[in-house]
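**Student:** Can you read through this structure? Questions will come right after.
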Amino acid sequence: MTDLFSPLLAGDLSLANRIVMAPLTRSRAGADGVPTEIMAEHYAQRASVGLIISEGTFQSLPGKAFDGQPGLVTPAQLAGWRKVTDAVHAEGGLIVAQVMHAGRATHPDISGFPVEAPSALAIDGETRAGGTKVAYPLPRALETDELPEIVETFVRSSQNAVDAGFDGVELHAANGYLLHEFLGTTSNMRTDAYGGTPENRIRFVVEVVRAVVAQLGAGRVGLRISPERNIQGLIEDDPVDVEAVYGGLMDALAPLGLAFVSVLHPEPAGALVQGLRSRFGGPFLVNTGFAEPTTRGEAVAMMAGSLTDAVVVGRAVIANPDLVRRWREELEENELDFSTLYAEGTVGYTDYPTYDDTKARAAS
């Protein structure tokens, strides 16, 4: 019987189990975007999951989304990531890099560059830059002839990820960042071949995926989507349009043979998610835990109901580096300390105890 602890072949990736570590922003990189020593320790501690998906990493300097975010651009950044991937592999784990461009969800005080997006539409809200809240600025609409170079930044950074030891990449087309912005009607008001109809709005994402596949091979490439997420000013509240956009996207990607598609959605059994899964036809990963954390019971139920090929988990993996064992043996779990999610240093990052550590401390 297929369950959480069964192996899974996803393209070129051979997962030992079906618990996947979600891409989790933790803001522990240096100001220069270089991954730190504690990041290597953090990821290595969690190497028993079937697959680690790294925190979102910027693919170009203008694409940096927030302070403390690592990049896949400079030699120093790649050298830092090599320490991370080596540490994960030494523990027998698999890790892919989530490659992202912030789009309009950033600020010049963060990236040092003008903000670029599909259209000149600002997010109504604030972000943090240098510890201060700042309003999102009006972005510059990318010209049509600039888009091939943006595609090329995804290709270069994806190749950089593999060169730094990652087992593959997950292209980030979710949560209101650049690729997602091309899909949405509230973020894309273009009148060229990349705007308007659902067919046009998926075009840029498809071009990016195809280009990265041509570079790395489909078996090393996944895609993350979040239909109806409604975040960062990107509202997808028209079910007909959502089905047309994401269904069309799955139809376009299905022939490529990607390693996986990962979907963030609170209703894994719903017609939308299961319809997208059917249209994609390949390994399909489901992440339900944004508003509420995914529990062991929910993960087991999703697998038992054949709703997904693997379960993507965030908060439980943060608090429990040995989550696979705890879920397999139904052991007590650590509680998450929310105050340390985006802090600096090791507290709430590398100091969560394993089950054995907790028992040893109790016995001493």
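**Student:** Residue pairs, Cβ under 6 Å, 6 or more apart or interchain, first in the stretch 127-146 and among the hydrophobic types (A, V, I, L, M, F, W, C), second part of a strand (DSSP E or B). List them.
**Tutor:** Taking only residues 6 or more apart or on different chains, the pairs are A135/E126; L142/E116.
**Student:** Within the stretch 145-173, restricting attention to residues that are of a type in the set (D, E, K, R) and under 16 Å from A218 (Cα atoms), which residue is most open to solvent (accessible area, probe 1.4 Å)?
**Tutor:** Selected residue: R156.
**Student:** Where in the stretch 210-322 are there helices (runs of 4 or more DSSP H), lying fully within it, with 3 or more residues that are of a type in the set (D, E)?
**Tutor:** Details: elements: 239-253, 271-280, 296-304, 315-319.
Of the helices (runs of 4 or more DSSP H) lying wholly inside the stretch 210-322, those with at least 3 residues that are of a type in the set (D, E) span 239-253.
**Student:** To continue, here is another question. For the stretch 10-62, give me each residue that is touching a Pro at 6+ places or on another chain (Cβ under 8 Å), outside any loop (DSSP other than H, G, I, E, B), in contact (Cβ under 8 Å) with a residue 60 or more places away in the chain and surrounded by fewer than 23 Cβ atoms within 10 Å (Cβ to Cβ).
**Tutor:** Selection gives S14, L15, Q45.
**Student:** Quick check on my filter: what residues within the stretch 320-364 are under 17 Å from V300 (Cβ atoms) and either open to solvent by 40 Å² or more (accessible area, probe 1.4 Å) or touching a residue at least 60 places away in the same chain (Cβ under 8 Å) (or both)?
**Tutor:** Listed by number, the residues that qualify are L323, V324, R325, W327, R328, E329, E330, E332, E333.
**Student:** Out of the stretch 71-99, which residues are in a helix (DSSP H, G or I), in contact with a helix residue (DSSP H, G or I) (Cβ under 6 Å, 6 or more places away or on another chain) and either open to solvent by 10 Å² or more (accessible area, probe 1.4 Å) or among the hydroxyl-bearing types (S, T, Y) (or both)? It would help to see each step written out before you state the result.
**Tutor:** Start the filter on the stretch 71-99 by keeping residues that are in a helix (DSSP H, G or I), which leaves 75-90.
Next, only the ones that are in contact with a helix residue (DSSP H, G or I) (Cβ under 6 Å, 6 or more places away or on another chain) stay: 78, 83-84, 87-88.
L78, K83, A87 - these are the residues of the stretch 71-99 that are in a helix (DSSP H, G or I), in contact with a helix residue (DSSP H, G or I) (Cβ under 6 Å, 6 or more places away or on another chain) and either open to solvent by 10 Å² or more (accessible area, probe 1.4 Å) or among the hydroxyl-bearing types (S, T, Y) (or both).
**Student:** Give me a count of the residues in the stretch 185-209 that are open to solvent by 50 Å² or more (accessible area, probe 1.4 Å), of a type in the set (S, T, N, Q) and in contact with a Gly (Cβ under 8 Å, 6 or more places away or on another chain).
**Tutor:** 1
**Student:** Just wondering, is there one or more residues in the stretch 135-144 that are surrounded by fewer than 22 Cβ atoms within 10 Å (Cβ to Cβ) and on the phi > 0 side of the Ramachandran plot?
**Tutor:** no
**Student:** Please find, among A254, A244, A291, A271, the residue that is aliphatic (A, V, I, L, M), farther than 19 Å from V312 by Cβ, open to solvent by 10 Å² or more (accessible area, probe 1.4 Å) and under 21 Å from the mean Cα position of the chain (by Cα).
**Tutor:** Of the residues listed, the single one that is aliphatic (A, V, I, L, M), farther than 19 Å from V312 by Cβ, open to solvent by 10 Å² or more (accessible area, probe 1.4 Å) and under 21 Å from the mean Cα position of the chain (by Cα) is A254.
**Student:** Moving to a separate point now. Out of the stretch 117-144, which residues are over 24 Å from the mean Cα position of the chain (by Cα) and basic (K, R)?
**Tutor:** K133, R140
**Student:** Has the stretch 100-115 got at least one residue that is open to solvent by 60 Å² or more (accessible area, probe 1.4 Å), acidic (D, E) and in a loop (DSSP other than H, G, I, E, B)?
**Tutor:** No, the stretch 100-115 contains no residue that is open to solvent by 60 Å² or more (accessible area, probe 1.4 Å), acidic (D, E) and in a loop (DSSP other than H, G, I, E, B).
**Student:** Quick one: in the stretch 125-134, which of the residues that are touching a strand residue (DSSP E or B) at 6+ places or on another chain (Cβ under 7 Å) and open to solvent by less than 30 Å² (accessible area, probe 1.4 Å) is nearest to Q232 (Cα to Cα)?
**Tutor:** T127
The values are calculated or read from the model by the stated rules, or taken from the named source; none is laboratory data. What you see is a predicted model, and the numbers here were worked out from it, not measured in a lab. FYI the Cβ positions are ideal-geometry reconstructions off the backbone, even for glycines, and counts take in every protein chain you see. The protein model used for the area step is the full one, side chains on, heavy atoms only, and it has no ligands, DNA or RNA in it. Shrake-Rupley method; radii C 1.70, N 1.55, O 1.52, S 1.80 Å.
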